[in-house]
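The next block holds one structure in the form of structure tokens; read it before the comments.
The values are calculated or read from the model by the stated rules, or taken from the named source; none is laboratory data. Everything quoted here is computed from the prediction, not taken from an experiment. FYI the Cβ positions are ideal-geometry reconstructions off the backbone, even for glycines, and counts take in every protein chain you see.
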Amino acid sequence: MQISRSIFKMVERLIQRFEVEYISTRMNLIYKWRFGRIGIKSMIYTPLSLFNPQNVFIGDGVHIFKQSRIMTIERWGNISYKPQIIIGNRVSIEQRLHMICAKLIEIGDDTVISADVMITDNNHSYSVINKNVMSQPLEVKETVIGKCCFIGMGVKIMAGTKLGDNCIIGSNSVVIGEYPSYVVLGGTPAKIIKRYDFEANMWRKTNSKGDFIDAV
């Protein structure tokens with residue numbers, strides 16, 4: 001009986017591995033000629049909305065789950081853009097990502113993005129009164145997310161944001177600005193609430209500037 005269970009588990013693992021390889025190969029064949037690049041063992045689940053995916057470059061071992069919308073803008077009004085979305089290796093993106101790029105959005109290796117997240121590198125100008133906002137020019141700023149970050153559910157990462165490595169973003173936060181590595185952010189707008197203390201080997205509470213406020 002013990003031998004039979006071992007054989008069954010081995011066969012089950014082989015089937016699961018085959019399923020993963022099959023889905024990965026199928027997705028690569030479907031999207032190979034659409035994306036600028038799609039790495040090995042990357043898995044993209046449908047349905048998926050894509051606009052100008054030739055400007056999207058995906059690393060190895062990336063998972064993008066269903067109902068995501070990924071859009072690059074090559075032209076808005078009379079202005080042309082050269083957008084690039086660069087997704088590093090082993091990035092995991094949960095359902096319903098909303099990503100719009102006119103210049104550069106870069107996501108570092110091993111970052112995890114939870115469901116219902118929005119990431120953009122552009123805003124709509126509203127300087128002209130009595131004119132539809134969608135008819136006004138874009139304000140474009142590069143957005144960069146570092147390596148090994150965790151982006152909580154419902155987070156909005158706005159144009160011009162620069163996140164260092166190993167940042168943790170609390171759910172439903174609105175992030176805009178530049179932040180160092182090894183910090184925890186939360187709120188609307190997001191502020192630093194913790195920073196990793198390498199001397200104490202622990203996360204410690206901080207003020208919004210990242211200065212420690214608790215005793216070790």
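Remarks
- Within region 58-80, if we keep just the residues that are polar (S, T, N, Q) and over 15 Å from Q95 (Cβ atoms), the residue that is modelled with the lowest pLDDT turns out to be N78.
- Scanning region 40-57 for residues that are outside any strand (DSSP E or B) and polar (S, T, N, Q) gives S42, T46, N52, Q54, N55.
- Strands (runs of 3 or more DSSP E) wholly inside region 136-216 containing at least 3 residues that are within 19 Å of S114 (Cα to Cα): 143-145, 183-186
- Hey, I145 in contact (Cβ under 8 Å) with a residue 60 or more places away in the chain and either closer than 18 Å to L50 by Cα or touching an Asp or Glu at 6+ places or on another chain (Cβ under 8 Å) (or both) or not: no
- Leading residue by the ranking (surrounded by the most Cβ atoms within 10 Å (Cβ to Cβ)) among those in region 73-90 that are of a type outside the set (A, V, I, L, M, F, W, C) and over 21 Å from P137 (Cβ atoms): G88
- Lone unmet requirement of (1) under 19 Å from V56 (Cβ atoms); (2) out of contact with any strand residue (DSSP E or B) (no Cβ under 9 Å at 6 or more places or on another chain) for N132: (1)
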